[in-house]
Amino acid sequence: MMKTMLRPHAPLLTFCRSLAALGLTLLAAGALAAIPIQRWVQPSGATVHLVESHGIPMVDVQIDFDAGGRRDTAVQAGLASVTAMMLSRGVRAAGGDAALDENALSEAWADLGASFSAYASSDRMGFSLRSLAYPDLLARAAQLASRQIGQPSFAQDVWLRERARMGAALREANTKPATVAARAFQAAVYGTHPYGFEVTEETLARIEVADMRQRHAALLAPCRARASVVGALDRAQADALVATLLSRLAATACAALPPVPEVAPLTRAEERIIPFASAQAHVLIGQPGYRRADPDFFALTVGNYILGGGGFVSRLTAEVREKRGLSYSVYSYFAPGLHAGAFTLGLQTRPDQAAQAVQVARDVLTRFVSEGPTPAELQAARDNLVGGFALRIDSNRKLLDQVASIAWNGLPLDYLDTWTREVEKVTVQDIRAAFARKLMPQRMVTVVVGGKP
């Protein structure tokens, strides 16, 4: 994710820090109160989700499009990411506005004391704007952001420079065992699905600015936008702000995008042992997990907290670290998206202990899938998750992340209000059944990077 994060003027910076501290206190105090989310569709077809938060004069906006890595091809892996990056590298002249290169953009954002970023993930390409809510500042920030969203320059010389820089970064990353392990793991888990495409110097060499322009024109249209707004605006003001941000995109008819196939389940176990001269062996074990829309979401969330997502209170930590001293850290997590994101169990250990650590981790996982948690483990997990819920929404930025997830995944508008109740409803039987449906320890991928050939 490439960002344009700029320094506000000193008085604004001091003011924003004070407001942020106040907002943290106010949000934490009211975190368990109802969070009213308004939703509507603009005439352009853009969907808007709004949470009014008038305690501080700040506005945070996120606008997402179905233009992420899942829309890439294997031969041009990375197109979504580099397109997002180049959206922050300059805007073209249009409608009487002069062109701005990346330096001029930086100065313009610094003058406003605001920040803007463009990013791409496996599913989304999007934009984030943060500004003071004062009408004169916000209007200028919205106009500048609209130019970056709708009128990027995609300059050839800038792309050639960035491509060379990215190539050097890839070569450096390939010298690290964690990178080697992650790439081998993704390729084995996802197969030919776009989630597993690897960005290489070769795929970057096949990407031209014409490809970025085509991706931008084809997938970034107002009717495809999902906008989330949190801050000191009412509905009419938020509606006008989003309309301004999208105003320089072409208003085209939105036909359905081509479907992306689902991640194929694994049919057998696979083990990849990759020699690497490193002090620690990097171990990853896993398989395709589940889609974010899956009804087992809460059972899997609570269950994984017990298995390996709860840090030092997880079962994997107890068995692998505390009882046997095989690893300082061991973890597990699900990464659900529009498709089945990976379930990953990871650890680092001495190369001579790797086989033992893998066996212990597999045994813990197999037993958990078969038996589920104990009642005591479940109660402790529910208490921790419910008790920590306020920290998920204790700033405008965190709240925006939650609202954007609701917008992107089509979750109910009362999702945040019911989250703790859903966690508290999860039973041992729910977890055992959900894990049995989703995980197949006997068919997982195991990647070990480290040790002598």
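Label positions at Q359 and A139, each projected 7 Å from the Cα along the C-beta direction, are separated by 7.2 nm. Taking every alpha-carbon pair under 8 Å whose residues sit at least 6 apart, the chain reaches a relative contact order of 22 percent.
Between region 220-256 and region 60-117, the alpha-carbon centres lie 16 Å apart. Can you spot the lysines whose alpha carbon is less than 18 Å from K452's alpha carbon? Ignore those fewer than 8 places along the same chain. The reachable lysines, counting only those whose Cα sits under 18 Å from K452, are K176. A Cβ-based charge dipole, computed about the Cα centre of the chain with Lys and Arg at +1 and Asp and Glu at -1, lands at about 660 debye.
Between R171 and A256, the modelled label-to-label distance comes to 4.7 nm, taking each label 7 Å out from Cα in the direction of the beta carbon. For the chain, the convex hull spanned by the alpha carbon atoms encloses 154 Å³ per residue. The simple Förster model, with R0 at 51 Å and r as the Cβ-Cβ distance, assigns A240 and T200 a FRET efficiency of 0.70.
Excluding same-chain neighbours fewer than eight residues apart, the aspartates and glutamates reachable from K323 by a Cα-Cα span under 20 Å are D352, D363, E377. For P375, neighbours were defined as the other residues whose beta-carbon sits under 13 Å from its Cβ, and their charges (Lys and Arg +1, Asp and Glu -1) total -2. Computed from the Cβ-Cβ distance with R0 of 25 Å, the FRET efficiency linking T366 to T420 stands at 0.20. A cut-off under 12 angstrom between Cβ atoms defines the neighbours of D123, and their net charge, with Lys, Arg +1 and Asp, Glu -1, is +3.
This ranking places T446, T83, T267, T192 by how few other beta-carbon atoms lie within 10 Å of each, fewest first, which gives T267, T192, T446, T83.
Spatial offset of region 365-413 relative to region 196-218 amounts to 35 Å, using the alpha carbon center of each.
In the chain, taking the dipole from charged Cβ atoms about the Cα centre, the farthest positive-side position among A34, G95, M85 is held by M85. Here the gap between S405 and A94, fully extended at 0.36 nm per residue and compared with their Cα-Cα distance, gives a gain of 108.6 nm.
With θ taken as phi - 60° and the Karplus curve 6.51 cos²θ - 1.76 cosθ + 1.60 applied, the whole-hertz 3J(HN,Hα) list for region 44-53 is 5, x, 5, 9, 10, 10, 10, 10, 6, 9 Hz, x standing for glycine and proline.
Legend: ranking of residues S146, S228, S128 from fewest to most surrounding C-beta atoms inside 10 Å; resulting order S146, S128, S228.
Using the Karplus relation 6.51 cos²θ - 1.76 cosθ + 1.60 with θ = phi - 60°, the per-residue 3J(HN,Hα) values for region 439-452 come to 10, 10, x, 6, 10, 8, 8, 10, 10, 10, 10, x, x, 7 Hz, with x marking Gly and Pro.
When the helices of the chain are scored as -39500 (n - 2.57) per DSSP H run of n ≥ 4 and the total is divided over every residue, the value at 222 nm lands at -13000 deg cm²/dmol. The charge dipole of region 3-245, taken about its Cα centre with unit charges on the Cβ of Lys, Arg, Asp and Glu (plus for the first two, minus for the last two), comes to roughly 280 debye.
Any read-out appearing in this document is the output of simple, stated calculations on the displayed coordinates, not a laboratory observation. Note that the coordinates shown come from a computational prediction; the quantities given were computed from them, not determined experimentally. We place every Cβ from the backbone using ideal geometry, glycine too, and count neighbours over all the protein chains shown.
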